[in-house]
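Comments concern the structure below.
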Amino acid sequence: MSHCCSEPGCNINRPSKHRCPVNGIEYSEVSVKTVAHHVHRPWLLDGHTKRYYFCDDPTCDVVYFGDDDSVISQAQVRTRVGVKDQSDDAMLCYCFGVTKRDAASDPGIRAYIIHQTKLGACTCETCNPAGVCCLKTFP
């Protein structure tokens, strides 16, 4: 996120969670930067007036939703969202291209990702559609 408190007119009491308008479950905020890296036609986003949240419910078609209850569905993102994909080709680590199949076939992958993360070689904030470290969802 940006350095909100240093920006004029910033409301530091904004909630960092919001309910998905489709399934009603509360989810965490994701940066506009993350959303822009995954949606088709990011230039159409109005990132200065909205906050976005990531819906990780595999049964819900929504990937991102705004605090105004606008939705961005799976068809509107260019990235296959691993938590919504039940196949063995679902992505677990976007930074290094690791799928569920890869992780199941090579137990050393997790150690590699941990090492790379410690080195600062990951780019989870933008590569992972959830905007968080891929290790959070790694088996």
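Here the spin labels are modelled as points 7 Å beyond Cα on the Cα-Cβ line, and at Thr126 and Asp57 they lie 3.1 nm apart.
Here, the chain yields an orientationally averaged convex hull projection of 9.1 nm² when only Cα atoms define the hull. In this structure, the residue pairs whose Cα-Cα separation is over 22 Å, taken from Lys100/Lys136; Lys50/Lys100; Lys50/Lys136; Lys50/Lys118; Lys33/Lys136, are Lys50/Lys100; Lys50/Lys136; Lys50/Lys118. Values of log10 I(q)/I(0) for segment 100-139 across q = 0.22, 0.32, 0.35 Å⁻¹ run -0.73, -1.13, -1.16, by the Debye formula with one identical scatterer at each alpha carbon and no solvent. Label-to-label distance for Ala104 and Ile25 is 2.2 nm, based on points extended 7 Å past Cα in the beta-carbon direction. Over segment 56-109, the fraction of Cα-Cα pairs per 10 Å bin, rounded to whole percents and listed from the shortest bin up, is 24, 44, 23, 8, 1.
Distance between the modelled labels on Asp67 and Ala36, one decimal in nanometres: 1.8 nm (7 Å Cα→Cβ projection). Ordering His38, Cys127, Val81 by the projection of their Cα atoms onto the charge dipole of the chain, which places +1 on the Cβ of Lys and Arg and -1 on the Cβ of Asp and Glu, puts Cys127 at the extreme positive end.
When +1 charges are put on Lys and Arg Cβ atoms and -1 charges on Asp and Glu Cβ atoms, the dipole computed for the chain relative to its Cα centre reaches about 260 debye.
Relative to its Kirkwood radius, the Cα radius of gyration of segment 73-139 gives an Rg/Rh of 0.96. Rounded to the nearest 10 degrees, the angle from helix 109-118 to the longest Cα principal axis of the chain is 50 degrees. Computed per residue of the chain from DSSP H runs no shorter than four, each worth -39500 (n - 2.57), the mean residue ellipticity at 222 nm is -5000 deg cm²/dmol.
Among the trypsin sites (Lys or Arg not before Pro) in segment 13-94, those located in a DSSP loop and surrounded by at most 11 other Cβ atoms within 10 Å of their own Cβ are Arg78.
Throughout, read-outs are computed from the coordinates displayed, never taken from laboratory work. Everything quoted here is computed from the prediction, not taken from an experiment. A quick note on method: Cβ atoms are made from the backbone with ideal geometry, for glycine too, and the neighbour counts reach across all protein chains shown.
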